[in-house]
1. When only residues in segment 237-260 that are open to solvent by 60 Å² or more (accessible area, probe 1.4 Å) and at pLDDT 90 or above count, which is farthest from L141 (Cα to Cα)?
2. Hey, can you tell me all the residues within segment 95-120 that are more than 20 Å from the chain's Cα centre (by Cα) and at pLDDT 90 or above?
3. Got a number for residues in segment 152-168 being aliphatic (A, V, I, L, M), open to solvent by less than 60 Å² (accessible area, probe 1.4 Å) and not in a loop (DSSP other than H, G, I, E, B)?
4. Can you tell me which residue in segment 121-149 is nearest to L189 (Cα to Cα), limited to those that are within 19 Å of the chain's Cα centre (by Cα) and open to solvent by 10 Å² or more (accessible area, probe 1.4 Å)?
5. Being in contact with a Leu (Cβ under 7 Å, 6 or more places away or on another chain), farther than 21 Å from E291 by Cα and modelled with pLDDT of 95 or more narrows it down to one of L161, L151, so name that one.
6. Which residues, taken from segment 169-199, are open to solvent by less than 20 Å² (accessible area, probe 1.4 Å) and either out of contact with any helix residue (DSSP H, G or I) (no Cβ under 8 Å at 6 or more places or on another chain) or under 26 Å from N127 (Cβ atoms) (or both)?
7. Could you count how many residues in segment 205-224 are within 15 Å of W192 (Cα to Cα), open to solvent by less than 70 Å² (accessible area, probe 1.4 Å) and not in a helix (DSSP H, G or I)?
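The values are calculated or read from the model by the stated rules, or taken from the named source; none is laboratory data. Because the structure is a prediction, the values reported are computed rather than measured. With ideal geometry, Cβ positions are generated from the backbone for all residues, glycine too; neighbour counts draw on all protein chains shown. Heavy atoms of the whole protein, side chains included, go into the accessibility calculation; ligands, DNA and RNA do not. Shrake-Rupley method; radii C 1.70, N 1.55, O 1.52, S 1.80 Å.
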Amino acid sequence: MDQLVMDFRQDCLVRGMAERSVESYLNCIKICRIYLSGQEKDILTVDRAAIQGYIEYLRIERDVSLKTVKMHLTALSSLYEFLVFEGHLDSNPVLAVRRRYSRRYKNGNEAQTRQLISVEDMARIINSEMDIRDKAIITLLAKTGIRRNELITLDVADIDLVENRVRLKPTAKRSNRTLFIDEECSFILRRWLKVRETVNKKKSPALFLSKWANRITRTDVYEAVTKAAERVGLHNAESERMEDHFSPHCCRHWFTTHLRRSGMPREFIQELRGDVRKEAIDIYDHIDKKELRESYLAHIPQLGI
């Protein structure tokens, strides 16, 4: 059984999944296997009732959030798709359960949306932050809409402060890797780079460094954003409501929404977000980088920072 899980892990990596996501999947599977052993079942003998029982166990005994339940269902469904593909099972027992319970959760009174803040509130968050590294992190997230992991993997060499461009590392989720920044963001990054020179004791190539001079982690980014948002009353860590939280991903939501509200063409926003093009016509509709940059500078909100 352990070998099947390890084979699944290797399959995930070969398919291009991030190692962090794979380890998250394996942790969910480990918890499920512990539960199943108490029911005298294992991964290969599981049925719909066992999956339903596992959901009940997560919700009632472990008291996890709906978001966590969905993550467990996603991980298990991926595992069973692999087992079906490899011929160990005839069907995926998670699919029907996942459809039913995801729909039920979504339509219930716990349905939530991410917090969307105003341009003025984003300016308040950034201007409240005195630490120049954290100020640069939040500003870059807001001005480019990049994902947390994309920011973490940035090196100094990926930032061109002459042309005000950012070159992202290739990932499975992103199509366009060239982004732009405006003068506000460039100014903050220049200030951080001066400080970075004095703290980079290990000669790291990473753009953002931890207090130990290592590349920052996902937790570092999360804390930088949430602490600044909490300082101005826009993040409540004690609340269970998603709309009371302001996380790094809310910056991507803010970026997308305010570009749309300012009138940027939809296809330009998709290009800057790095969304994978789904329609055949989109694949052949190449967007001129100069035109994209000009549109970005014309529509990105100014924060007075």
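1. R260
2. Within segment 95-120, S118, V119, E120 meet the criteria.
3. To start, the set of residues in segment 152-168 that are aliphatic (A, V, I, L, M) comprises 152, 154, 156-157, 159, 161-162, 166, 168.
Among the residues that remain, those that are also open to solvent by less than 60 Å² (accessible area, probe 1.4 Å) are: 152, 154, 156, 159, 161, 166, 168.
Then drop every residue that is not not in a loop (DSSP other than H, G, I, E, B), which leaves 152, 156, 159, 166.
Within segment 152-168, residues that are aliphatic (A, V, I, L, M), open to solvent by less than 60 Å² (accessible area, probe 1.4 Å) and not in a loop (DSSP other than H, G, I, E, B) number 4.
4. D134
5. Details: L161 fails: farther than 21 Å from E291 by Cα.
Of the residues listed, the single one that is in contact with a Leu (Cβ under 7 Å, 6 or more places away or on another chain), farther than 21 Å from E291 by Cα and modelled with pLDDT of 95 or more is L151.
6. L179, F180, I181, D182, C185, S186, I188, L189, W192
7. Adding up the residues that qualify gives 7.
Quick grid of which residues meet (1) of a type in the set (D, E); (2) out of contact with any helix residue (DSSP H, G or I) (no Cβ under 6 Å at 6 or more places or on another chain); (3) in contact (Cβ under 8 Å) with a residue 12 or more places away in the chain:
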{"site": "L4", "(1), (2), (3)": "no, yes, yes"}
{"site": "Q10", "(1), (2), (3)": "no, yes, no"}
{"site": "R15", "(1), (2), (3)": "no, yes, no"}
{"site": "E23", "(1), (2), (3)": "yes, yes, no"}
{"site": "S37", "(1), (2), (3)": "no, yes, no"}
{"site": "E40", "(1), (2), (3)": "yes, yes, no"}
{"site": "R59", "(1), (2), (3)": "no, yes, no"}
{"site": "L66", "(1), (2), (3)": "no, no, yes"}
